[in-house]
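None of the figures in this text is laboratory data; all of them are computed from the coordinates on show. Keep in mind the model is a prediction, meaning the values are calculated, not measured. Positions of Cβ are backbone-derived with ideal geometry, glycine not excepted, and every protein chain shown enters the neighbour counts.
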Amino acid sequence: MKRRSVLALGALALAGCSALPSKPKRQTMYDFGPQASEAAGAAPTRAALVLPDVEVSGILETPALLYRLGYDDPNELRPYAYARWSAPPGQLLRQRLRDVLGRERPVLDSAAGAALVRRGGSPPPVLRVELEEFSQLFESPTASQGVLRLRCTLLENTGGGERLLAQRSFNVQRAAPSADAPGGVRALAAATVAAAQDIAAWLQQR
């Protein structure tokens, strides 16, 4: 009887493990990979833009690779034990945004923007980005997607302070090719590129 109880507990433990995504077997560091090379074209023609550091809060300030089990408790953010981003998500997002937006215009950090003004140039507009969600969402143990949600605020930099020009939220999701950390990384990288392209298109209308 005792042996049957032990076997039953073992079966329950295995069933519980199967509800979680596959985990890396060793410590692994991820980033978004190299930016796709672009054919040489005309120099950027749009006005310069200041892109400060992306604003993040809470657990997103860490380099943990996060996921949610939508079929279990979607309100709980869980970190992979052995998977990490090479830098906090806000830094990786800003780097990719700068790559994509830089195809059309000079993209400056806050210090470069201030230096431009000191040299007598016109204050460039400021794009503030707030990262609100950056995780892998599992709809089932075998299906997931990368979820990226952020808010962009475009501001005019005047002598008396910043003036609101426009604001918009972006919510982008991309399917993960596998139900594990590498799949989540690829999905979030794809979602980031798509969001950057959406932001570039939005800025063109301003």
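Between Ser135 and residues 5 or more places away or on another chain, which pairs have amide H atoms under 5 Å apart, with H built 1.01 Å from N, and which residues are they?
Correct list: Val147.
Explain nothing, just compute: Karplus ³J(HN,Hα) = 6.51 cos²θ - 1.76 cosθ + 1.60, θ = phi - 60°, for every residue of the range 79-92 in order, whole Hz, x for Gly and Pro.
Using θ = phi - 60°, the values come out as x, 5, 5, 10, 10, 9, 6, 6, 8, x, x, x, 5, 5 Hz.
What Kirkwood hydrodynamic radius, in Å, does the range 116-156 give when the mean of 1/r is taken over all pairs of distinct Cα atoms and then inverted? Let's see the in-between values first.
On the way: mean 1/r = 0.0751 Å⁻¹.
Evaluated over the range 116-156, this radius sits at 13.3 Å.
List, in order, the whole-Hz ³J(HN,Hα) value for each residue of the range 189-196 obtained from phi through the Karplus relation with A = 6.51, B = -1.76, C = 1.60 and θ = phi - 60°; use x for Gly and Pro.
Ordered by residue, 3J(HN,Hα) equals 5, 5, 5, 5, 4, 4, 5, 4 Hz.
What does the highest-first list of 47-58, 127-138 look like by mean Cβ count within 10 Å? Write out the running numbers ahead of the final one.
On the way: 47-58: 16.0, 127-138: 20.5.
Highest-to-lowest ranking by the protection proxy: 127-138, 47-58.
Would you be so kind as to identify which of Pro182, Ala195, Gly160 lies farthest towards the positive end of the dipole of the range 137-206, taking Lys and Arg as +1 and Asp and Glu as -1 on Cβ and the Cα centre as origin?
Gly160
For the range 49-206, report the translational diffusion coefficient in µm²/s to the nearest whole number, using Stokes-Einstein at 4 °C, 1.567 mPa s, and a Kirkwood Rh over Cα pairs.
It diffuses with D of about 78 µm²/s by this estimate.
Can you compute 3J(HN,Hα) from phi for each residue in the range 197-205, using the Karplus curve 6.51 cos²θ - 1.76 cosθ + 1.60 with θ = phi - 60°, rounded to whole Hz and x for Gly and Pro?
Rounded to whole hertz, the list is 5, 5, 5, 4, 5, 5, 5, 4, 8.
May I ask for the net charge around Arg128, where only other residues with Cβ less than 10 Å from the Cβ of Arg128 are counted and Lys, Arg are +1 while Asp, Glu are -1?
Values: positive: Arg151; negative: Asp53, Glu55, Glu130, Glu162.
Spelling it out: positives minus negatives among the neighbours equals -3.
Please list 185-193, 66-74 highest first by mean number of surrounding beta-carbon atoms within 10 Å per residue.
185-193, 66-74
Amide H of Thr28: which non-local residues (sequence gap of 5 or more, or other chain) have their own amide H closer than 5 Å, using H built in the peptide plane?
Ala83, Arg84
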